[in-house]
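Read through the structure below, which is laid out as structure tokens, and then see the notes.
Here, each number is a calculation from the coordinates, and none is a lab measurement. Computed from a predicted structure; not experimentally measured. Neighbour counts are summed over all protein chains in view; Cβ atoms, including those assigned to glycine, are modelled from backbone coordinates with ideal geometry.
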Amino acid sequence: MTTSEQFSPTTDELLQHNAAFAAEFADSDLQVNPIRHLAVVACMDSRIDTFKILGLANGEAHIIRNAGGVITDDVIRSLCLSQRLLGTREIILVHHTDCGLQKVNENDFRNELETELGVKPWWSLETFDDPYADIRQSIQRLYMTPFLPYKHDIRGFVYDVTDGLLHEVDLRHASDEPS
């Protein structure tokens with residue numbers, strides 16, 4: 001196998017895009033601390049451009065993404081560093097409609113992995129049925145952790161993948177889903 005056969009055509013294309021980006025790179029003066037003092041936790045879904053839907057530019061916020069945008073130990077670790085070392089004070093959570101985690105049975109998935117690999121994963125998938133209810137749970141997890149000193153400005157939203165709108169989740173009501 002030649003060297004060129006070992007590389008993915010997609011990766012090669014992305015490297016060409018990067019070379020074009022670097023040729024016009026103008027962000028070398030950005031600071032590591034986000035200027036809006038904002039951290040965003042969002043789902044990794046490829047339909048969500050977190051910067052675009054929130055109108056953010058590079059250098060304005062920390063963006064933390066994972067499957068479902070759920071609050072895991074690693075997200076809390078990242079938020080802890082973001083707040084304590086890099087000056088963020090506000091947290092926005094973004095879940096979305098038609099999330100893949102709503103379509104997975106966690107027990108079946110874990111059992112499939114155990115059958116294939118001989119071991120169950122030590123981590124939870126954090127599947128959920130309702131993104132609004134899961135945002136509420138995620139916010140409660142943030143309120144409960146001792147590692148975040150700034151909890152006064154945490155808000156959650158569900159992004160609608162069909163119309164691009166963000167719907168704020170009210171912690172007091174289970175009926176804030178759009179009709």
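Details
- Of all residues in the range 19-39, none are on the phi < 0 side of the Ramachandran plot, touching a Lys or Arg at 6+ places or on another chain (Cβ under 7 Å) and crowded, with 16+ Cβ neighbours inside 10 Å.
- Number of residues in the range 121-139 that are surrounded by 13 or more Cβ atoms within 10 Å (Cβ to Cβ) and out of contact with any strand residue (DSSP E or B) (no Cβ under 8 Å at 6 or more places or on another chain): the value is 7.
- Residues in the range 124-161 that are farther than 29 Å from D108 by Cα and polar (S, T, N, Q): T145 alone.
- In the range 63-78, the count of residues that are out of contact with any strand residue (DSSP E or B) (no Cβ under 9 Å at 6 or more places or on another chain), under 20 Å from I135 (Cβ atoms) and surrounded by 14 or more Cβ atoms within 10 Å (Cβ to Cβ) is one or more.
- Residue satisfying condition, being aliphatic (A, V, I, L, M), under 30 Å from A26 (Cβ atoms) and touching a Gly at 6+ places or on another chain (Cβ under 8 Å), within set I92, I64: I92
- The C-beta contact set for the range 153-170 (first residue closer than 14 Å to C43 by Cα, second residue outside any loop (DSSP other than H, G, I, E, B) and acidic (D, E), distance under 6 angstrom, 6+ apart or interchain) comprises F157/E168.
- In the set (1) surrounded by 19 or more Cβ atoms within 10 Å (Cβ to Cβ); (2) under 22 Å from D134 (Cα atoms), the condition left unmet by T88 is number (2).
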